[in-house]
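Written out below as structure tokens is the structure these notes cover.
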Amino acid sequence: MRWTTGLMAAAALTMGTALAANAQQIDPKLSDYKPVSGVSGSLKSIGSDTLNNLMTLWAEGFKSMYPNVKIEIEGKGSSTAPPALVAGTSQFGPMSRPMKGAEIDAFEKKFGYKPSAIRSAVDALAVFVHKDNPIQCLTLQQVDAIFSKTRKGGAGKDAATWGDVGLTGEWASKPISLYGRNSASGTYGYFKEVALFNGDYKDSVKEQPGSSTVVQGVASDKFAIGYSGIGYKTADVRTVPLAAKPGGKCFDGNAENAYSGDYPLARFLYIYVNVNPNEKLDPVRGEFVKFIYSKQGQQAVVKDGYFPVPSTIAEQDLKAKKLVN
Amino acid sequence: MVAPVAVERLKLEVAGAREASRARAVDIQSLGEPYLWALGGALAFGCLMIAGFLLLVAWNGVVTFWPKPIAVVTLADGRKIAGEPIRSELFRPGPEVLAKLVPDQRAAIARSDGFAPRTLYRVANYDLYGDDFLWVTSFEARSVEQPPGMMLFERLEWGPFIGTVKSLTADGRQQAPDLLGPGELARLHGEARARWQRIREIERGDIGAVNHALEQERLRLRRVAIDQGEASAAYAEAKARLDRRQTDLGQRYEALAAEAKALKDRDARDSVVLADIAGKEKQIPLSAIVRYYAPNAMGWSDMLVVYLSRWWEFVSEEPREANTEGGVMPAIFGTAALTILLVIAVAPFGVVTALYLREYARQGRMVAVVRISVNNLAGVPSIVYGVFGLGFFAYFLGGTIDQLFYPERLPSPTFGTGGLLWSSLTLALLTVPVVIVATEEALAAVPRSMREGSLACGASKWQTIRRIVLPRAMPGILTGIILAMARGAGEVAPLMLVGVVKLAPELPIDGYFPFLHLERSFMHLGFHIYDVGFQSRNSEAGKPMVFVTTLLLVALIFVMNIGAIMIRNRLKRRFAGSQF
């Protein structure tokens, strides 16, 4: 397999037609995954639905190397991951947000050590609008004023119409139609924490059961706005560049800005694993983690529309799990 | 003969009566026609809705797999894109868009009242550009053509590729495409796919069997260790046996692995370099191409071949790429198995309950309460059944079974988690009221005279029920079961708790003892629709798959219902002959 070469170019969003932004590149320093012998058994993953497709892609890739490993994937929301790990019904707990203190405590109470987090991919949580929407930039405060009824971000007044966030012409008087996720989702929690400054969502947010439903909702509603993982972007929606502070520079939700932290809604996607610090990880799980951090594994991340992790993070996490020396 | 005067009087009287009836307001209650019209209208409306829904699903589902032409669009700045046109729409370009256009274009838009058409193209090649769909407005496109050379390659990974063959490497030797004979690519591709199938067979089937045998031995050893302790003689014997088998199976594994490796090495020597419209190249193994075709140069018959082969792949293959491509065979299988198990569980339960309630129980307050409870059960939300199934069946019953019969596999649960058995039992609970009510009605409809006749002939109560009542009630009972089946096959919400998964590693039936594995989790068409429609990365690409899967689910339920109805009709005929 030959990887495409070329630089990651920022998607040029002119006139609604973003043409030929080059595909995302993976870190060439990541290692190539080589299958080892003696790996068999079954794995079960229960957790985030943001990571659902990605887990499935990893499972497919892993299975093509180890045809006799059985992998089951269930993704009903990040909040379902910790209980399943504690009960031992799953081996992997993908989560789109870090575990909360209470969840870690519950785990520690049962096993005597903390769960290990694997930073498997980078997601830029995107704010989507309809493809014809001319809006060029939003600050987090504006986003807060649009989505929140408490406005803890410090916006002076509620943003109910597109005119309130600076659009003119036919847009100015049109009310903003809100789309969001349901409360079991880690995306809901993360957006509430970062974009809403822990405030409360407006009651008018239409809560959707899945990440891609949000995008479909925005695609079919010209005056809509919604948030979801960047991987779910389609040709019918646009992502809005975001600025962290009023008057600050707006950044696109692309890999560069996500890595540098300029894009305010970038986050890691985690996979939690039950690793006893005094024992070596069993071969199946260990190899799966190695696979995630390999070229093939991170290529799957790109395939699913997220951003791959750099090799430094891969090495850090692999060392922490004692998988490499 | 009537006197003329009398006739005149009669005429007058009739006219007077007419006058009177016209004056009296007609009571609408007494007229039948308006109600007839209303009823007929309601029926027509219902039929129209159902037909409309089925047509929508069928049309969208049927056209999905038909090969679409590939258009090459030359943009105003000279760049070219190639893709399948998906749909077009009119839109009103905003002032910031208009500001960037040249006056000619602005004038053209103004002429059509400020609207401009745009077309969505599926440009594929996701691995090269990170976009698989693109809107192109009419003022951006300079020309659109359909060159016959453009080809679409369906790949195992990354979705389709639209472009041309740049060069071909067969057995390590590179060839330019113009040096190839016409059938050469097809022949090499066929060979590569056959090799790929063989590798899969070895890895899944043969090596799978070796691993299964090994796993069984390991479990046997653990079982002995749990039952008799690690110090016992039986343990030592089992251990020796395991070691023996391990070397044995190890050798077989090595041989098979070597065979697979050789095939894979051979496979790696056949590859193809594809180039997209902009000249960007991508090399992929020949076996990673599922099928390829040049739609612009194809006739009807060739298109039909592609169409049918896609359908065949859809119903016979496993899903790929997180369920957005490939087939849904495991889901079809899971749905059918679930429904059949559901019927096996629900029929005896429902019929026995109804028999007792109607024939044996003393009709009193107690029976009335039971009956009302059963009717209320039908109104409980299905997700509640799911929670009950998870708590009672999976965790309580399943957990107990695991501790008693599968201690060697703990802590990984065998029956102690969602699975096919628990799902079908949960659905059986959900649908049992339907069967009970239908059976009771059917039993009540058997004429009293028949029972009395039978009893008068000296038959016992049970003989009467068995020989006279049940056969007569059978068509009605079957109707209840058919209703239950249809309800159960379309139900998804409770299943999400008790055993349906996005990706099930194995079918519930395979070649290893005991062949039917009721404890395994499974895939389901209903859940597949939810998953592809609401969870897949690219909802644009997922949408047609939703329609296809819905079409398939409706067809599956239809076939199962037809089957049940045919059985019912045969029974009806059989018992119709044995009347008094």
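A short reminder: the numbers here are calculations on the coordinates, not readings from a lab. A quick note: this is a predicted structure, and the numbers were derived from the prediction, not measured. Note: ideal-geometry Cβ built from the backbone for every residue, glycine included; neighbour counts use all protein chains shown.
The figures follow:
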read-out: Choice from A:TYR232, A:TYR33, A:TYR188 with maximal GNM fluctuation in chain A (Cα, 10 Å cutoff); value: A:TYR33
read-out: MRE, 222 nm, helices only [DSSP H, n ≥ 4, -39500 (n - 2.57), over chain A, to nearest 500]; value: -8500 deg cm²/dmol
read-out: Average beta-carbon neighbours from other chains, 10 Å sphere, peptide A:226-234; value: 3
read-out: Proxy reagent accessibility, fewest Cβ within 10 Å first, across B:GLU237, A:GLU103; value: B:GLU237, A:GLU103
read-out: Residue order, fewest to most surrounding Cβ atoms within 10 angstrom, among A:GLU72, B:GLU254; value: B:GLU254, A:GLU72
read-out: Residue-averaged beta-carbon neighbours from other chains (10 angstrom radius) around A:66-78; value: 5
read-out: Alpha carbon centroid spacing (whole Å) that separates the range B:330-375 from the range B:250-269; value: 54
read-out: Computed FRET value (nearest 0.05) for B:LYS68 with A:GLU193, which takes r as the C-beta separation and R₀ as 45 Å; value: 0.55
read-out: Cα principal axis extents for the protein assembly as shown, largest first, Å; value: 113, 95, 69
read-out: Per residue, the convex hull volume that the Cα atoms of the range B:173-268 enclose (Å³); value: 85
read-out: Whole-Å distance, taken between Cα centres, linking the range B:455-519 and the range A:180-209; value: 43
read-out: Inter-label distance for B:GLN175 and B:SER112, nm, one decimal - labels placed 7 Å from Cα along Cα-to-Cβ; value: 4.7
read-out: Selection from B:ALA486, B:ALA394, B:ALA58, by position along the positive dipole direction of chain B (Cβ); value: B:ALA486
read-out: Convex hull (Cα only) mean projected area of chain B, reported in nm² to one decimal; value: 52.7
read-out: When each of A:LYS44/A:LYS70; A:LYS157/A:LYS202; B:LYS461/B:LYS572; A:LYS110/A:LYS192; A:LYS131/A:LYS174 is checked by Cα-Cα distance, pairs over 19 Å; value: B:LYS461/B:LYS572; A:LYS110/A:LYS192
read-out: Candidate lysines for bridging to A:LYS295, where Cα separation is under 21 Å - those fewer than 8 sequence places away on the same chain excluded; value: A:LYS29, A:LYS34, A:LYS63, A:LYS303, A:LYS319, A:LYS321, A:LYS322, B:LYS264, B:LYS282
read-out: For the range B:330-524, the spread of Cα positions along each principal axis, largest first, Å; value: 61, 36, 32
read-out: Theoretical FRET efficiency, 1/(1+(r/R0)^6), r = Cβ-Cβ of A:ILE104 and B:ALA368, R0 51 Å, to 0.05; value: 0.40
read-out: Lys, Arg +1 and Asp, Glu -1 on Cβ, resulting dipole of chain A about Cα centre, debye, nearest 20; value: 460
read-out: A:GLN136 paired with A:LYS206, simple spin-label distance in nm, labels 7 Å along Cα-to-beta-carbon; value: 2.9
read-out: Computed magnitude of the charge dipole of the protein assembly as shown (debye, nearest 20; Cβ of K, R +1, Cβ of D, E -1); value: 1780
read-out: 14 Å reach of a label modelled at B:ASP227, 7 Å along Cα-to-Cβ, counting backbone N of the range B:393-413; value: B:404-409
read-out: Pairs of Cα atoms farther than 39 Å apart, chain A, %; value: 15
read-out: Estimated FRET transfer efficiency when R0 is 45 angstrom, pair B:VAL559-B:ARG252 (beta carbons, to 0.05); value: 0.60
read-out: Residue exposure sequence - B:ILE28, B:ILE468 - by fewest surrounding Cβ within 10 Å; value: B:ILE28, B:ILE468
read-out: Gained length - B:VAL380 relative to B:LEU516, 0.36 nm times residue gap less alpha-carbon distance; value: 45.8 nm
read-out: Simple spin-label estimate for B:TRP300 and B:ARG466 in nanometres, 7 Å along Cα-Cβ; value: 6.2
read-out: The range A:281-324 - Debye-derived log10 I(q)/I(0), Cα point model, q = 0.23, 0.26 Å⁻¹; value: -0.76, -0.90
read-out: Unit Cα scatterers, Debye sum, the range B:114-190: log10 I(q)/I(0) for q = 0.12, 0.14, 0.26 Å⁻¹; value: -0.51, -0.65, -1.29
read-out: Overall Cα dimensions of the range A:181-248 - principal axes, largest extent first, Å; value: 30, 28, 22
read-out: Model label zone, B:VAL102; criterion: amide N under 19 Å from point 7 Å along Cα-to-beta-carbon; scope the range B:117-132; value: B:117
read-out: Mean residue ellipticity (222 nm) of chain B, computed from DSSP H runs ≥ 4 via -39,500 (n - 2.57), nearest 500; value: -18500 deg cm²/dmol
read-out: Spatially proximal aspartates and glutamates relative to A:LYS76 (Cα-Cα < 12 Å; intrachain offsets below 8 disregarded); value: A:ASP49, B:ASP531
